[in-house]
Structures are given as C-alpha cells and as structure tokens.
1. Within the stretch 153-194, work out how many residues are among the basic types (Lys, Arg), more than 22 Å from TYR71 (Cα to Cα), loosely packed, with under 12 Cβ neighbours inside 10 Å and out of contact with any Phe, Trp or Tyr (no Cβ under 9 Å at 6 or more places or on another chain).
2. Only residues that are open to solvent by 50 Å² or more (accessible area, probe 1.4 Å) and not aromatic (Phe, Trp, Tyr): list them for the stretch 195-208, please.
3. Restricting attention to the stretch 107-117, does a residue exist that is touching a helix residue (DSSP H, G or I) at 6+ places or on another chain (Cβ under 9 Å) and among the acidic types (Asp, Glu)?
4. What is the one condition in (1) open to solvent by less than 40 Å² (accessible area, probe 1.4 Å); (2) touching a strand residue (DSSP E or B) at 6+ places or on another chain (Cβ under 9 Å) that CYS143 does not satisfy?
5. Any residue in the stretch 102-111 that is over 14 Å from the mean Cα position of the chain (by Cα) and surrounded by 13 or more Cβ atoms within 10 Å (Cβ to Cβ)?
6. Output the qualifying pairs, or none if there are none: Cβ atoms under 8 angstrom, residues six or more apart or on different chains, first residue in the stretch 239-262 and under 18 Å from GLY80 (Cα atoms), second residue acidic (Asp, Glu).
7. Does ILE129 satisfy being more than 23 Å from ALA222 (Cα to Cα) and either basic (Lys, Arg) or at pLDDT below 95 (or both)?
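The values are calculated or read from the model by the stated rules, or taken from the named source; none is laboratory data. Quantities reported herein were computed from a predicted structural model and do not represent experimental measurements. Cβ sites come from the backbone with ideal geometry, for glycine too, and all protein chains shown count toward neighbours. Remember, those area values only see protein heavy atoms, side chains included, never the ligands or the DNA or RNA. Shrake-Rupley method; radii C 1.70, N 1.55, O 1.52, S 1.80 Å.
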Amino acid sequence: MNFHGTEVRQKALTLLRSGKRNADVARQLDVPLGTVSYWLHVDRSKRGECPGSHDPKCPRCDGRPLDPAAYAYLLGLYLGDGHISQYSKHRVPSLMITLDDAWPGIQAEAEAAMRTVFPDNATCRVRKIGCHNIKVCSKHLTCLFPQHGPGKKHDRRISLERWQQEIVDAYPWQFIRGLIHSDGCRITNWTTRLVGGERKRYEYPRYLFTNKSDDIRALCGAALDLVGVEWTTLARGSDPFNISIARKASVALMDQHIGPKY
C-alpha cells in the first residue's frame, strides 16, 4: 500500500486551490484520484467551503422568523412524547416525536408542524413496532427546546422560558392540542343512575392528559385555565398523573378545538 506524505498532500492542495482539476493533479503527482478528491473535500470542510454546505438559520440565534402556532403545537408534542438525543456518530442532535400508528393523521400533522418550525431541515419517519418516530436533525434543537437535559423529563425541572410562555399564552389551543395528541385521549366514560327507581347506564365523554411530570401537568393546567376549560386531577391509585376534563361545557370546548385522535 502506498502512503503519501504531508509534502505530497500539500502540493496537491496548492494545485487544487489554484483551480487545477482533480484528475490533472492525480496524474501529475501519481496519486489515486479518490485520494485527491478526499484531500480536497477535507480541505474545503476545514475552511467551510464544502459545496452545498448546510447552515440553516435559527430563530433564537439568527432571528429567523418562527411560526408561533406551529411551534406551540410542536412544543406540546415534545413535552409529551418527544425527546432530543445525539448519537456519537452524528454531527447534530435529533428531535424525535413518538406517535402511535393508530393515529396516522396526527403523525402527518406532527411532521407538517416540524417542517414549518424547521423549514431548512429535512424530516423523516422512522418505523418502530406499532409506532413511528417523526424526526428532524438540527444543531439548534436545544435553542428551541431548552427543556432538554439528561434523564427523563419527569425526573428534572421543566419550565418554559419567557419567550416560550409568550407563545403559549398567544396560542394556548395549539399547545394543548400538542399535549393531547401526544399524552392525551378522548374517551367515553360510563356510570349508572337511578331513573324512576330503575338503575340505568349513563355515558359521557371525557378528555384525559396523563404525564408523570408535575411540571408538565402544571403547564397543561395553566393553558386549560387560559382558555376557560375546567379540569380536575384524577388519581389512579396513589399517583395523581391524570388531568381530567369531564364537565359538559368544557368537553364541548375541547371538541371544538381538539377533537378525538385521528
């Protein structure tokens, strides 16, 4: 195997920077064409001159416009079933929202919101058993989701920054929609009543939001208060992990703005 020293490599780079073609440099220095191409690629990368280099702007770092409604929805999805991670072989972190295959409409809506919030980044869907991860990669994920941190969300403090709270206050229904679409549901409850001395079954709709994080449930409750939806905490066993919406007028409001999963 032939190894090419620093002197040969530097001479090749000098010729390439002067405009010489890769093939001409390879012939002149008796170096494989693939090696010359690799040297050029590394040199351009170091100088930030790679063809098609991708450097999307960030609403927080660069002032790029941010669609607040789409962001409020995506923030709700992230706090529910989303997480940010970075594998050692990847240059940038990825945001993944895990959504059940039973609700393809929500998967499509989540991906559309992701594309709107990150218009210069590609999105994809990663198939898992019974679900898909809706995914986007960006070096600015932690700028837009500063709630990211080590460990599970319910094991650490979750609070919104001022700019995030302003968006949620302006678009509370979109935020609630994201929370319900990730960690919530609309179900039909039933009970029995005595009617004319006869016990009859009575059914009624109810919305539930279930999350182990006290902070995330508090954010959900505050948004519900903002739009006039009455809610209570429903404990299963000794764990108060559920927000319940069962009053008729409040369920009607939720049906108007959220509706069943689809």
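1. Residues meeting the conditions: 0.
2. Once the filter is applied, which keeps residues that are open to solvent by 50 Å² or more (accessible area, probe 1.4 Å) and not aromatic (Phe, Trp, Tyr), the stretch 195-208 yields VAL195, GLY196, GLY197, GLU198, ARG199, LYS200, ARG201, GLU203.
3. yes
4. (2)
5. Yes: one or more hits.
6. Filtered contacts from the stretch 239-262: ILE245/GLU230.
7. Taking the combined requirement at face value, the residue satisfies it.
Per-residue answers, yes or no, for (1) farther than 23 Å from ASP214 by Cβ; (2) assigned to a loop (DSSP other than H, G, I, E, B):
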| position | (1), (2) |
| --- | --- |
| PRO146 | no, yes |
| PRO150 | no, yes |
| SER159 | no, yes |
| GLN164 | no, no |
| ILE167 | no, no |
| HIS181 | no, no |
| THR188 | yes, no |
